[in-house]
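Undergrad: First, the structure itself, so that you have it in front of you.
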Amino acid sequence: MIRWKYLAPRLAVVTSLCLFWWFGLDHLVRWSLISTGQSVTGAKVEISELKTSLANGKLRMQNIQIANPHDPDRNLMEAREAVLYLEASSLLKRKFVVSEGRLSGVRIDTPRETPGALAATERQLEIARQLAELGSRWLEHFKATLQYHPEDNLETVRLAKEMLERWPHEYQDLRNRVEALDRRLAKLKLFVDNPGNNPLRNLEAFENVLAELDAFHQDLETFHGEIERLKLQLPRDRDTLLAAKERDKKKIQQLLALRHPDAKTLSEYLLGPENGGQVAQILGWIQWARQHIPASLEDIGPERMRGFNIAFGDEQPTPNFLIRTLAIDGEGKIGGDTLRFHGEATGLTTQPATFGQPAVFRLTTDGPAKLKIVAVIDRTTDVPWDRITVDCPAISQPSRVLGRPDQFSIAVSPSNLRLHVELELRQEKVSGTLRLTQEGLEITPQIADAYGGERVNGYLQSALCDVHEIDVELDLAGTIDKPTWQLRSNLGSQIQQGLALVLQSELDARRDELTGQLDRFVDGEFAKLEQLVQAKQQEVLHKLQLGDAEIAQLKGQVATRVGLPDRFRRAEAPLRELLRR
Amino acid sequence: MFFFVLRKLRFFVAALRDNDSPRQMAYAVALGMVVGLTPKDNLTAVVLGVLLLTLRVNLAMAALSVVAFSWAGLLTDPVSHRIGLAVLSFEPLQSLYHALYNLPLAPWTGLNNTVVVGNLIIGLIAFYPVYRLSRHFSEKYGPPLRDRIQRYKVYQFLFGVNAVTRWRSE
């Protein structure tokens, strides 16, 4: 006989527990995962549906969303479905070990309003700008050199101006003195023509006149001497001007010398902004990932409610939570383009030191550009150590412009690009290399008008027609927040010679133009000077000759007045002496 | 329909209040104490609960005891933690603990938790004193308490209906 009074309540309790287990287990596990996830990420976790199957240790979740703790309007990660197969033996030891799993429809950092590019830090972008600045400074120097107008600074111009001012003054001075002499002569003439009626007084006066005439004669001799001096001064001034012209030509040559651009500067100018921006983007992603993968994971786990769990040492230590292999497929945005990817992750655990192996992500993108990413996240030691390798044998690169269109730029034709990145991060320090190779391309240089314009473009095009490959290597160092990089490329060396030749010829043309102008200037100014000197000289000489004739005439008149015989008039002795005899 | 449901409800309540001898009541309180003190998120609590259900003790009193001592357990946690820590860190038994811990399901029992072990020890130590005390109270105050409860209208309504349903079936 069945004792229902004993059995009924107990059956009711057991039935309740079974029903709770049957219907409530999924909700319990879902709640447990959400609370654990939220405590790990510090952000909201949502799982729309969860089904457990204890028979085969399977856990199936749908529509998983993990919010970004730093930006509540974005999701850190979304997944359409996750299927995990738990190891039964580990489950018996209260270890949640997933032997294999699948995560489908993954989308990372899904924003609601903005595209998926991460904003690089200001410091990272600044370095990209600095690289471009170096080359820009060199171009600005070239432009300033090309547009140099030295006229105001040339010695020749200054000397010519001085001469053109000095010479008229000299002749004006002479002319004034000649006019003074004229006036003296006119006075004498007046006296000689009207001597007076007293012959004795006139005799003395005539003696004075004669003395005056002698002095006048000497002054005329002096004037002749000065005119001769001025005649000789002109060729000396010309020699001075010519010497100054030669010095100025040397100065122009020095000022218009080309500062040869070194290959490194050219490469940095052309490639710095583009590649610096890409590196800044990569470091931005790494920084974002680092924010969400803590440096130390050992302390992460659910908060203990009561008491203290003592681990008595597993025979084979296993982390409390471990995913051995997880197949992943999903999509992400890189540079605004959506790329589908698939791959696997291994060794995902909250206790990497216990597990002893790093987490490894191997992802490959679908589509024509097969991007392969291998990321090793090592938290087994105190110092976080991450290694990232990105390899893409062929990315279709559209045409683009390198450099600055308002200065010097090159248009690169579309071609395939090979990319290889190796980065290593220890704590905050970053080191690594980014290598880009683009082959089978054509480049079209473009130089702005201020630097030569179309005239130079034509020469530049023929000088650079043999450039078909661009190889870029970026060496990274420093920290994630303050990275430093060195850029090396063959582009600079390929275009350096051609560019230098073309720009040198441009400078040579400018220099020839300036020296030609200088020659013409000197010739013109000197011709002006010669004309001026000749005219003034003629004028002064004419006046001096008239003076000589008048002195002779006056001497004759004086002799006649005092009754001196002819033979004494023609004597070489001064008239005064003749009168005393 | 109403009387059918009422009859089933009365049967269930009667089953709960069955085994109401002072000895069975006292065992219910003592066992309820052990289950109540133990944290519930482990296999040990489940085993103790199954044991409670299996034994012929008063389930209503056991349930009350579990609830009451669950709250009391929060107050004993500091003490039970110290006791559990002392027991679990006892050096001569470490190899035994190590061997037991590596058995399947052992980590689920929670017996590596200081509060679980401590409260279990407290429960076991206090089992007999609580049983004796409860039995004394049950013997002394049980009958007067039963008489008092039988005066309540709810009780009369629940168990008085039995006469009406029997009359209707006749």
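Undergrad: When you check B:Met61 against the structure, is it more than 11 Å from every other protein chain (Cβ to nearest Cβ), under 21 Å from B:Arg146 (Cβ atoms) and assigned to a helix (DSSP H, G or I), yes or no? Explain how you work it out, then say what you get.
TA: On the way: more than 11 Å from every other protein chain (Cβ to nearest Cβ): yes; under 21 Å from B:Arg146 (Cβ atoms): yes; assigned to a helix (DSSP H, G or I): yes.
Here the answer is yes, as B:Met61 does meet what is asked.
Undergrad: Tell me, please, whether a residue that is modelled with pLDDT of 75 or more and open to solvent by 100 Å² or more (accessible area, probe 1.4 Å) can be found in segment B:114-127.
TA: Step one: list which residues in segment B:114-127 are modelled with pLDDT of 75 or more, which gives B:114-127.
Okay, now just the ones that are also open to solvent by 100 Å² or more (accessible area, probe 1.4 Å), so B:124-125.
Scanning segment B:114-127, I find at least one residue that is modelled with pLDDT of 75 or more and open to solvent by 100 Å² or more (accessible area, probe 1.4 Å), so the answer is yes.
Undergrad: Check A:Leu241, A:Leu213, A:Leu232 and return the single one that is modelled with pLDDT under 80, more than 18 Å from A:His542 (Cβ to Cβ) and either of a type outside the set (Gly, Ala, Ser) or part of a helix (DSSP H, G or I) (or both). Talk me through it step by step, then tell me what you get.
TA: Working: A:Leu241 fails: modelled with pLDDT under 80; A:Leu232 fails: modelled with pLDDT under 80.
The match here is A:Leu213.
Undergrad: Output the number of residues of segment B:89-100 satisfying the condition of being within 21 Å of B:Asp77 (Cβ to Cβ) and within 8 Å of chain A (Cβ to nearest Cβ). Break it down stepwise before answering.
TA: First, pick out the residues of segment B:89-100 that are within 21 Å of B:Asp77 (Cβ to Cβ): B:89-90.
If we keep only those that are within 8 Å of chain A (Cβ to nearest Cβ) as well, we get B:89.
Residues meeting the conditions: 1.
Undergrad: What residue, among those in segment A:1-31 that are of a type in the set (D, E, K, R) and in a helix (DSSP H, G or I), is farthest from B:Val47 (Cα to Cα)?
TA: Result: A:Arg30.
Undergrad: Select from segment A:269-282 the residues that are of a type outside the set (Val, Ile, Thr) and at pLDDT below 80 and list them in ascending order. Before the answer, list the steps.
TA: Just the residues of segment A:269-282 that are of a type outside the set (Val, Ile, Thr), to begin with: A:269-278, A:280-281.
Matches in segment A:269-282: A:Gly272, A:Pro273, A:Glu274, A:Asn275, A:Gly276, A:Gly277, A:Gln278, A:Ala280, A:Gln281.
Undergrad: Something else about it: Could you figure out which of (1) open to solvent by 60 Å² or more (accessible area, probe 1.4 Å); (2) more than 8 Å from chain A (Cβ to nearest Cβ); (3) not in a helix (DSSP H, G or I) isn't true of B:Leu75?
TA: (3)
Undergrad: Another question, if that's okay. Among B:Leu48, B:Leu52, which is at pLDDT 90 or above, within 12 Å of chain A (Cβ to nearest Cβ), at negative phi and assigned to a helix (DSSP H, G or I)? Working first, answer last.
TA: Working: B:Leu48 fails: within 12 Å of chain A (Cβ to nearest Cβ).
Result: B:Leu52 is the single residue among B:Leu48, B:Leu52 that is at pLDDT 90 or above, within 12 Å of chain A (Cβ to nearest Cβ), at negative phi and assigned to a helix (DSSP H, G or I).
Undergrad: Here's another thing I want to ask about it. Given the structure, is B:Ala86 more than 7 Å from chain A (Cβ to nearest Cβ), of a type in the set (Gly, Ala, Ser) and either closer than 23 Å to B:Gly49 by Cβ or surrounded by 19 or more Cβ atoms within 10 Å (Cβ to Cβ) (or both)? Steps first, answer last, please.
TA: Working: more than 7 Å from chain A (Cβ to nearest Cβ): yes; of a type in the set (Gly, Ala, Ser): yes; either closer than 23 Å to B:Gly49 by Cβ or surrounded by 19 or more Cβ atoms within 10 Å (Cβ to Cβ) (or both): no.
Considered against the rule, which asks whether it is more than 7 Å from chain A (Cβ to nearest Cβ), of a type in the set (Gly, Ala, Ser) and either closer than 23 Å to B:Gly49 by Cβ or surrounded by 19 or more Cβ atoms within 10 Å (Cβ to Cβ) (or both), B:Ala86 comes out as no.
Undergrad: Filter segment A:34-57 down to residues that are open to solvent by 60 Å² or more (accessible area, probe 1.4 Å) and either touching a Leu at 6+ places or on another chain (Cβ under 7 Å) or touching a residue at least 60 places away in the same chain (Cβ under 8 Å) (or both), then give me how many there are.
TA: Count: 2.
Undergrad: Of the residues that make up segment A:486-498, is at least one within 29 Å of A:Gly277 (Cβ to Cβ), of a type in the set (A, V, I, L, M, F, W, C) and exposed (fewer than 14 other Cβ atoms within 10 Å of the Cβ)?
TA: First pass over segment A:486-498, keeping only residues within 29 Å of A:Gly277 (Cβ to Cβ): A:486-498.
Then drop every residue that is not of a type in the set (A, V, I, L, M, F, W, C), which leaves A:487, A:491, A:495.
Filter once more, keeping what is exposed (fewer than 14 other Cβ atoms within 10 Å of the Cβ): none.
No: segment A:486-498 contains no residue that is within 29 Å of A:Gly277 (Cβ to Cβ), of a type in the set (A, V, I, L, M, F, W, C) and exposed (fewer than 14 other Cβ atoms within 10 Å of the Cβ).
Undergrad: With respect to A:Val472, is the statement that it is under 22 Å from A:Pro393 (Cβ atoms) and not hydroxyl-bearing (Ser, Thr, Tyr) true?
TA: Numbers: under 22 Å from A:Pro393 (Cβ atoms): yes; not hydroxyl-bearing (Ser, Thr, Tyr): yes.
Criteria met by A:Val472.
Undergrad: For A:Gly563, are the conditions met, namely being modelled with pLDDT under 80 and at positive phi?
TA: So A:Gly563 fits the description; yes.
Condition check ((1) open to solvent by less than 20 Å² (accessible area, probe 1.4 Å); (2) touching a Cys at 6+ places or on another chain (Cβ under 7 Å); (3) under 16 Å from A:Pro405 (Cβ atoms); (4) without any contact (Cβ under 8 Å) to a residue 40 or more places away in the chain) across all residues:
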position: A:Val456; (1), (2), (3), (4): yes, no, yes, no
position: A:Val467; (1), (2), (3), (4): yes, no, no, yes
position: A:Leu476; (1), (2), (3), (4): yes, no, no, no
position: A:Ala500; (1), (2), (3), (4): yes, no, no, no
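Undergrad: Identify the single condition in (1) charged (D, E, K, R); (2) buried (at least 16 other Cβ atoms within 10 Å of the Cβ); (3) assigned to a helix (DSSP H, G or I) that A:Glu424 does not satisfy, given that it satisfies every other one.
TA: (3)
Undergrad: Cβ-Cβ below 7 Å, separation at least six or inter-chain, first residue in segment A:1-14 and open to solvent by less than 60 Å² (accessible area, probe 1.4 Å), second among the aliphatic types (A, V, I, L, M): which pairs?
TA: Between residues of segment A:1-14 that are open to solvent by less than 60 Å² (accessible area, probe 1.4 Å) and residues that are among the aliphatic types (A, V, I, L, M), the close pairs are A:Ala8/B:Ala15; A:Pro9/B:Ala15; A:Pro9/B:Leu16; A:Pro9/B:Leu59; A:Arg10/B:Leu53; A:Val13/B:Leu53.
Undergrad: List every residue pair whose Cβ atoms lie under 6 Å apart, where the two residues are 6 or more positions apart in sequence or sit on different chains, the first residue falls within segment B:101-115 and is within 7 Å of chain A (Cβ to nearest Cβ), and the second residue, located anywhere, is among the acidic types (Asp, Glu).
TA: Within 6 Å, the pairs are B:Asn102/A:Glu315; B:Val115/B:Asp77.
Undergrad: Can you tell me how many residues in segment A:54-108 are among the small types (Gly, Ala, Ser) and within 21 Å of A:Pro319 (Cβ to Cβ)? Step through it out loud before you land on a result.
TA: First, the residues of segment A:54-108 that are among the small types (Gly, Ala, Ser): A:55, A:57, A:67, A:79, A:82, A:88-90, A:99, A:101, A:104-105.
Adding the requirement that they be within 21 Å of A:Pro319 (Cβ to Cβ) leaves A:57, A:82, A:88-90, A:99, A:101.
Number of matching residues: 7.
Undergrad: A:Leu441 is checked against (1) open to solvent by 40 Å² or more (accessible area, probe 1.4 Å); (2) in a loop (DSSP other than H, G, I, E, B) and fails just one. What number does that condition carry?
TA: All conditions pass for A:Leu441, except number (1).
Undergrad: Could you figure out which of (1) within 13 Å of chain A (Cβ to nearest Cβ); (2) at pLDDT below 90; (3) open to solvent by less than 80 Å² (accessible area, probe 1.4 Å) isn't true of B:Leu6?
TA: It is condition (1) that B:Leu6 fails.
Undergrad: Could you grab me the full set of residues in segment B:55-96 that are farther than 18 Å from B:Gly110 by Cβ, of a type in the set (Val, Ile, Thr) and modelled with pLDDT under 90?
TA: Residue satisfying the conditions is B:Val57 alone.
The values are calculated or read from the model by the stated rules, or taken from the named source; none is laboratory data. These figures come from a predicted structure and were not determined experimentally. Counting neighbours? That spans all protein chains shown, and the Cβs are built from the backbone with ideal geometry, glycine included. Quick note on the areas: whole protein, heavy atoms, side chains included, nothing else; ligands and nucleic acids left out. Shrake-Rupley method; radii C 1.70, N 1.55, O 1.52, S 1.80 Å.
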